[in-house]
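Okay, structure first, notes after.
Readers should treat all values here as calculations from the given coordinates under stated rules, not as data from a laboratory. Owing to the predicted nature of the structure, the values given are computational and were not obtained by experimental measurement. Because the Cβ atoms are built from the backbone with ideal geometry, glycine has one as well, and the counts that use them run over all protein chains shown.
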Amino acid sequence: MYSAQEFAGQAFVNDLERPVFEKFVFLAQLKMWLLRQPEVGAALMSGSGSTVFAVMRPHVDVELIAKRARNQLDHELWTFQAHTL
């Protein structure tokens, strides 16, 4: 769960996840849920928390993933779609 993830030629790792996930278990559950989704290339906590983000594979309907997350995890989950340059 804490080892580096390789996707699209990048390595994704956050050493702060372990202590935060021990205190805020839902964040760990969210990350693991994201990693199980076939549309997700990488998932990580941002900085020292409390945001978890996913890097999506190309041509994915992000709103479909967000809806699935709200249905399966928390109906009040806040999501935002961003694009990198």
Checklist outcome for this item: Computed for segment 5-72: size of charge dipole around the Cα centre, +1 on C-beta of each Lys and Arg, -1 on C-beta of each Asp and Glu, debye to nearest 20, value 240 debye
Checklist entry - Where does the charge balance sit around E39 when Lys and Arg score +1, Asp and Glu -1, over other residues with C-beta under 14 Å from its C-beta? => result +2
Next on the checklist: At a 10 Å Cβ-Cβ cut-off, how would you order S3, S48, fewest neighbours first?
Outcome noted: S3, S48
Checklist entry - Cβ under 12 Å from L77's Cβ, L77 left aside: what net charge do those residues give with Lys, Arg +1 and Asp, Glu -1? => result +1
Next on the checklist: So, R0 is 22 Å and r is the distance between the beta-carbons of Q72 and V20; what FRET efficiency does that work out to, to 0.05?
Outcome noted: 0.50
Checklist outcome for this item: Neighbour-count ranking for K31, K23 (other C-beta within 10 angstrom, fewest to most) reads K23, K31
Item to check | From phi via Karplus (6.51, -1.76, 1.60), per-residue ³J(HN,Hα) for segment 15-21 in Hz, x at Gly/Pro | outcome: 5, 7, 4, 3, x, 5, 5
Checklist entry - Hey, got the Cα dimensions of the chain along the principal axes, in Å, largest first? => result 33, 33, 22
Checklist outcome for this item: From fewest to most C-beta neighbours within 10 Å, the residues D74, D15 line up as D15, D74
Next on the checklist: At a threshold of 8 angstrom on Cα-Cα distance, excluding pairs fewer than six apart, so keeping six or more, what relative contact order does the chain reach in percent?
Outcome noted: 20 percent
Checklist entry - Got a sec to turn the phi values of segment 74-84 into Karplus ³J(HN,Hα) couplings, 6.51 cos²θ - 1.76 cosθ + 1.60 with θ = phi - 60°, whole Hz, x for Gly and Pro? => result 6, 5, 9, 4, 8, 10, 8, 9, 10, 10, 8
Checklist entry - Per-residue ellipticity at 222 nm for the chain, helices alone: DSSP H runs ≥ 4 residues times -39500 (n - 2.57), over residue total, nearest 500 deg cm²/dmol? => result -10500 deg cm²/dmol
